[in-house]
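I have placed the structure first, in the form of structure tokens, so that the comments after it can refer back to it.
Each value in this text was obtained by applying a stated rule to the coordinates, not by laboratory testing. Everything quoted here is computed from the prediction, not taken from an experiment. Every residue, glycine among them, receives a Cβ derived from its backbone with ideal geometry; neighbour counts consider all protein chains shown.
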Amino acid sequence: MDQKAKIRRFGIDPATGRLHLGIIETPLPRSKTGRIIIGTGLVGGGVLGFLPILGFWMVPVGLLVLSQDLNFVRRGRRRITLWWARRRQSRRE
């Protein structure tokens, strides 16, 4: 197994347009409208996470998909990412 296969990535690969969630890799539509529909559907399904089959895991995945195209979602995701990185860094010190 090569080194690249061992790395777990999270996010959307801009070169391939695929969503990476650790070791899971899923293609996304090339159209902006398709990605917005999928992201909104995931967030909506995640809100109903108390129902069978649907889960609360769908909310962050939907926000990740929406952050590809919507600036205000991307800014929020970036703020949370920076906050999390600073928090982890301060705990290590």
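What are the ³J(HN,Hα) values, in whole Hz, obtained from phi via the Karplus relation 6.51 cos²θ - 1.76 cosθ + 1.60 with θ = phi - 60°, for each residue of the range 14-30 in sequence order, with x given for Gly and Pro?
With the stated coefficients, the range 14-30 comes to x, 6, 9, x, 9, 8, 10, 10, x, 8, 8, 10, 10, x, 10, x, 6 Hz.
Could you work out the helix-only [θ] at 222 nm for the chain, with each DSSP H run of four or more residues adding -39,500 (n - 2.57) and the total divided by the number of residues, to the nearest 500 deg cm²/dmol?
Calculated mean residue ellipticity at 222 nm is -17500 deg cm²/dmol.
If you average the sequence gap of Cα pairs under 8 Å that are 6 or more apart and divide by the length of the range 3-92, what percent do you get for the contact order?
The normalised contact order for the range 3-92 reaches 17 percent.
Using the 10 angstrom Cβ neighbour count as an exposure proxy, how do Leu48, Leu54 rank, fewest first?
Fewest to most other Cβ atoms nearby, the residues stand as Leu48, Leu54.
Within the chain, what's the longest stretch lacking chymotrypsin sites (Phe, Trp or Tyr not before Pro) that sit in DSSP loops with no more than 15 other Cβ atoms inside 10 Å?
With chymotrypsin sites (Phe, Trp or Tyr not before Pro) excluded where exposed in loops, the chain gives 1-49 as its longest stretch.
Given R₀ = 35 Å, what would the calculated FRET efficiency be for Thr16 paired with Glu93, taking r from the Cβ atoms and rounding to 0.05?
0.45
Whole number please: convex hull volume per residue, Cα atoms of the chain, in Å³.
Measuring per residue, one finds 142 Å³ for the Cα hull of the chain.
Would you work out the charge dipole size for the range 3-92 about its Cα centre, treating the Cβ of every Lys and Arg as +1 and the Cβ of every Asp and Glu as -1, and quote it to the nearest 20 debye?
The calculation lands at about 680 debye.
Show the residues, 5+ positions off or on another chain, whose built amide H is closer than 5 Å to the amide H of Arg9.
Distant-sequence amide H within range of Arg9: Gly22.
As an exercise, identify the trypsin sites (Lys or Arg not before Pro) in the range 22-91 lying in DSSP coil whose Cβ has no more than 13 other Cβ atoms within 10 Å.
Arg30
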